[in-house]
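Worksheet: the structure to be examined is printed underneath.
The values are calculated or read from the model by the stated rules, or taken from the named source; none is laboratory data. Worth saying up front: this structure is predicted, and the values here are computed from it rather than measured. Quick reminder, even Gly has a Cβ in these numbers, built from the backbone with ideal geometry, and neighbours come from all protein chains shown.
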């Protein structure tokens, strides 16, 4: 079958037609998929991490109750399908979600999967188990969860405190696998065990992560691959050149930037590269618990100093897009439209005017040309973080701030910002599900481990809950825009841009679809095969 080499995955209809044609081919079993990875994953425990450095390689170890279809590019409520659950149903008032579970499923160590494992998984996220998770970045997703109850071995019910129509979308994320009740969180970090198509083999720091086929997988004709091997290469230029040279079948999760895409296209015209929106934003995190950034006026000045279009032009040749918390349309379902975005403070294209206003604010706080504020900008030590951090430092000079760059290794980054051991940070935030319940509760709700800035307002908590309960999705969308505007103007976590990047793979890699509104949900790899 002939395929378009460089296609944009937002053309969902074209991708769907191509996939239908590809499905007509006979899949081949065998072979090890070789991909590169940008750095050593902080652990193998998806529930304890907040990065696709873990989700991408380890998603195939696990199953969810439900999942987003791997062959459809845009995640939505309509693309959620059964996984460990055979079916699900809500009660009449939308407060109980009951799953009928599959029988005969085994974990990799031979123990049977039952409803008890579902209960234990979410008891662990809620902190109800004696064996605690070391980190719990998505505990806030389940603020509305009262409990998980079981009815025998093959029925589990999520009991909610109030109606929450989008709750099932959270369960479909790659961030929501079912863990075995009999395995400790400590072991899951170093040798995870699941029910999925691939078994963990080994991790060697700065060298590789390896997985082998689960020959006893409950989907009897899957996976097609004999295994998956990820080779760790920290230098982005080096790893992309290795892909161009044919040493790898696939790049890391949307790792190819727009400038690098030109190089891949020129040197490896046979490669398939899908340029997509990622639901990953570049943003500024400011430690609001420590001076001088406990001062709202200084935070406001920093927001006004940002020239968003300059970031976009430099980093993506104009391809990244401006937006608030929620991913902008058309790929995003909930983001503020351009005409609404222009009404948000700080998004005025008059950069010179914005910065003049910012300098006046700084002068009112005692800063100026002869009394500059010295700060440290921390960021993760990988290129997609370092590059915008350097630009940020340059912009802050315009408002009497002199910053030095503090780079932090990937394994330590989320722990560092989680304990608020930073002044200012340049961060990338990926949202596991394109839904406000995930984005608002995870990034901005009081007490969330991923609320890295310490933002907490009771009036916003009420608005988060109000939108979450709404059944009328168009009315909900308008309220979400209002909330998003308020978060930007509060400098809760100022957004710089929403990223685009390319996923590249060799033409003999079949059955893989790059998703367009989350980078976390399409790495099961059970449908992928090598046509060699």
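Counting just the residues of the stretch 169-187 that are touching a helix residue (DSSP H, G or I) at 6+ places or on another chain (Cβ under 8 Å) and part of a helix (DSSP H, G or I), which one comes out farthest from residue 54 (Cα to Cα)?
Among those residues, the one meeting the criterion is 169.
If a residue must be touching a residue at least 40 places away in the same chain (Cβ under 8 Å) and either outside the structural domain of residue 195 (by TED's automatic domain parsing) or more than 27 Å from the chain's Cα centre (by Cα) (or both), how many such residues does the stretch 114-146 contain?
Qualifying residue count for the region: 3.
Is it true that residue 63 is surrounded by 24 or more Cβ atoms within 10 Å (Cβ to Cβ), part of a loop (DSSP other than H, G, I, E, B), in the same structural domain as residue 191 (by TED's automatic domain parsing) and modelled with pLDDT of 95 or more? Walk me through how you get there before you give the answer.
Details: surrounded by 24 or more Cβ atoms within 10 Å (Cβ to Cβ): yes; part of a loop (DSSP other than H, G, I, E, B): yes; in the same structural domain as residue 191 (by TED's automatic domain parsing): yes; modelled with pLDDT of 95 or more: yes.
So residue 63 fits the description; yes.
Kindly indicate which of 239, 299 is in a helix (DSSP H, G or I), touching a strand residue (DSSP E or B) at 6+ places or on another chain (Cβ under 6 Å) and outside the structural domain of residue 336 (by TED's automatic domain parsing).
From the options 239, 299, the qualifying one is 239.
State whether the residues of the stretch 365-384 include one that is assigned to a helix (DSSP H, G or I) and either at pLDDT 95 or above or farther than 23 Å from residue 316 by Cβ (or both).
There is no residue in the stretch 365-384 that is assigned to a helix (DSSP H, G or I) and either at pLDDT 95 or above or farther than 23 Å from residue 316 by Cβ (or both).
Restricting the stretch 501-516 to residues that are farther than 13 Å from residue 71 by Cβ and surrounded by fewer than 23 Cβ atoms within 10 Å (Cβ to Cβ), which is nearest to the chain's Cα centre (by Cα)?
Ranking the candidates gives 505 first.
For the structure I just gave you, tell me whether residue 155 is modelled with pLDDT of 95 or more, more than 27 Å from the chain's Cα centre (by Cα) and either on the phi > 0 side of the Ramachandran plot or assigned by TED's automatic domain parsing to the domain that holds residue 79 (or both).
Values: modelled with pLDDT of 95 or more: yes; more than 27 Å from the chain's Cα centre (by Cα): yes; either on the phi > 0 side of the Ramachandran plot or assigned by TED's automatic domain parsing to the domain that holds residue 79 (or both): yes.
It is true that residue 155 is modelled with pLDDT of 95 or more, more than 27 Å from the chain's Cα centre (by Cα) and either on the phi > 0 side of the Ramachandran plot or assigned by TED's automatic domain parsing to the domain that holds residue 79 (or both).
With the checklist (1) buried (at least 22 other Cβ atoms within 10 Å of the Cβ); (2) over 17 Å from residue 106 (Cβ atoms); (3) in contact with a strand residue (DSSP E or B) (Cβ under 8 Å, 6 or more places away or on another chain) in hand, flag the one item residue 175 doesn't pass.
That leaves (3) as the condition not met.
Can you pull out every residue in the stretch 300-327 that is more than 21 Å from residue 259 (Cβ to Cβ) and either modelled with pLDDT of 95 or more or crowded, with 23+ Cβ neighbours inside 10 Å (or both)? Break it down into steps so the answer makes sense when it comes.
The initial filter retains those residues of the stretch 300-327 that are more than 21 Å from residue 259 (Cβ to Cβ), namely 300-306, 323-327.
Result: 301, 302, 304, 305, 306, 323, 324, 325, 326, 327.
Each row is one residue, and each column tells you yes or no for (1) buried (at least 18 other Cβ atoms within 10 Å of the Cβ); (2) closer than 20 Å to residue 54 by Cβ; (3) out of contact with any strand residue (DSSP E or B) (no Cβ under 6 Å at 6 or more places or on another chain); (4) without any contact (Cβ under 8 Å) to a residue 60 or more places away in the chain.
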| site | (1), (2), (3), (4) |
| --- | --- |
| 384 | yes, yes, yes, no |
| 388 | yes, no, no, no |
| 395 | yes, no, yes, no |
| 402 | no, no, no, yes |
| 414 | yes, yes, yes, no |
| 419 | no, yes, yes, yes |
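Restricting to the stretch 349-359, what's the tally of residues that are touching a residue at least 24 places away in the same chain (Cβ under 8 Å), assigned to a helix (DSSP H, G or I) and surrounded by fewer than 21 Cβ atoms within 10 Å (Cβ to Cβ)? Break it down into steps so the answer makes sense when it comes.
Step one: filter the stretch 349-359 for residues touching a residue at least 24 places away in the same chain (Cβ under 8 Å), giving 349, 351, 354-355, 357-359.
From what is left, the residues that are assigned to a helix (DSSP H, G or I) are 351, 354-355, 357-359.
Within this subset, residues satisfying the condition of being surrounded by fewer than 21 Cβ atoms within 10 Å (Cβ to Cβ) are 351, 355, 357, 359.
Adding up the residues that qualify gives 4.
Among the residues of the stretch 148-165, which ones are closer than 22 Å to residue 86 by Cβ and touching a strand residue (DSSP E or B) at 6+ places or on another chain (Cβ under 8 Å)?
148, 149, 150, 151, 153, 154, 155, 156, 157, 158, 159, 160
Is there a residue being assigned by TED's automatic domain parsing to the domain that holds residue 240, surrounded by fewer than 17 Cβ atoms within 10 Å (Cβ to Cβ) and without any contact (Cβ under 8 Å) to a residue 12 or more places away in the chain anywhere in the stretch 69-87?
Checked against the condition, which is being assigned by TED's automatic domain parsing to the domain that holds residue 240, surrounded by fewer than 17 Cβ atoms within 10 Å (Cβ to Cβ) and without any contact (Cβ under 8 Å) to a residue 12 or more places away in the chain, the stretch 69-87 yields at least one hit.
If I go through the stretch 222-236 residue by residue, how many of them are out of contact with any helix residue (DSSP H, G or I) (no Cβ under 7 Å at 6 or more places or on another chain), at pLDDT 95 or above and not in a strand (DSSP E or B)?
5
How many residues are out of contact with any helix residue (DSSP H, G or I) (no Cβ under 9 Å at 6 or more places or on another chain) and touching a residue at least 24 places away in the same chain (Cβ under 8 Å) if we restrict to the stretch 478-504? Give the derivation first.
To start, the set of residues in the stretch 478-504 that are out of contact with any helix residue (DSSP H, G or I) (no Cβ under 9 Å at 6 or more places or on another chain) comprises 478, 498, 503.
The next check asks that each one be touching a residue at least 24 places away in the same chain (Cβ under 8 Å); those that pass are 498, 503.
Of the residues in that region, 2 qualify.
Would you say residue 226 is farther than 26 Å from residue 401 by Cβ and surrounded by fewer than 17 Cβ atoms within 10 Å (Cβ to Cβ)?
So residue 226 passes the test.
Every residue, every condition in (1) in a strand (DSSP E or B); (2) modelled with pLDDT of 95 or more; (3) surrounded by fewer than 17 Cβ atoms within 10 Å (Cβ to Cβ), yes or no:
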position	(1), (2), (3)
94	no, yes, yes
134	no, no, yes
137	no, no, no
147	yes, yes, yes
164	no, yes, no
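Could you pull out the residue among 215, 262 that is surrounded by fewer than 15 Cβ atoms within 10 Å (Cβ to Cβ), assigned to a loop (DSSP other than H, G, I, E, B) and in the same structural domain as residue 518 (by TED's automatic domain parsing)?
Testing whether each residue is surrounded by fewer than 15 Cβ atoms within 10 Å (Cβ to Cβ), assigned to a loop (DSSP other than H, G, I, E, B) and in the same structural domain as residue 518 (by TED's automatic domain parsing) leaves just 215.
Only one of these is part of a loop (DSSP other than H, G, I, E, B), surrounded by 21 or more Cβ atoms within 10 Å (Cβ to Cβ) and at pLDDT 95 or above: 336, 362. Name it.
336
Scanning for something buried (at least 22 other Cβ atoms within 10 Å of the Cβ), at negative phi, at pLDDT below 90 and in the same structural domain as residue 192 (by TED's automatic domain parsing), does the stretch 10-32 turn up at least one residue? Give the steps one after another, and end with the answer.
If we filter the stretch 10-32 for residues that are buried (at least 22 other Cβ atoms within 10 Å of the Cβ), which is where we start, we get 15.
Now restrict to residues that are at negative phi: 15.
After this cut, where a residue has to be at pLDDT below 90 as well, the list is 15.
Checking the rest, the ones that are also in the same structural domain as residue 192 (by TED's automatic domain parsing) come to 15.
Yes, the stretch 10-32 contains a residue that is buried (at least 22 other Cβ atoms within 10 Å of the Cβ), at negative phi, at pLDDT below 90 and in the same structural domain as residue 192 (by TED's automatic domain parsing).
Tell me whether the stretch 272-284 contains one or more residues that are in a loop (DSSP other than H, G, I, E, B) and either free of Cβ contacts under 8 Å to residues at least 24 places away in the same chain or under 30 Å from residue 425 (Cβ atoms) (or both). Steps first, please.
First, pick out the residues of the stretch 272-284 that are in a loop (DSSP other than H, G, I, E, B): none.
No, the stretch 272-284 contains no residue that is in a loop (DSSP other than H, G, I, E, B) and either free of Cβ contacts under 8 Å to residues at least 24 places away in the same chain or under 30 Å from residue 425 (Cβ atoms) (or both).
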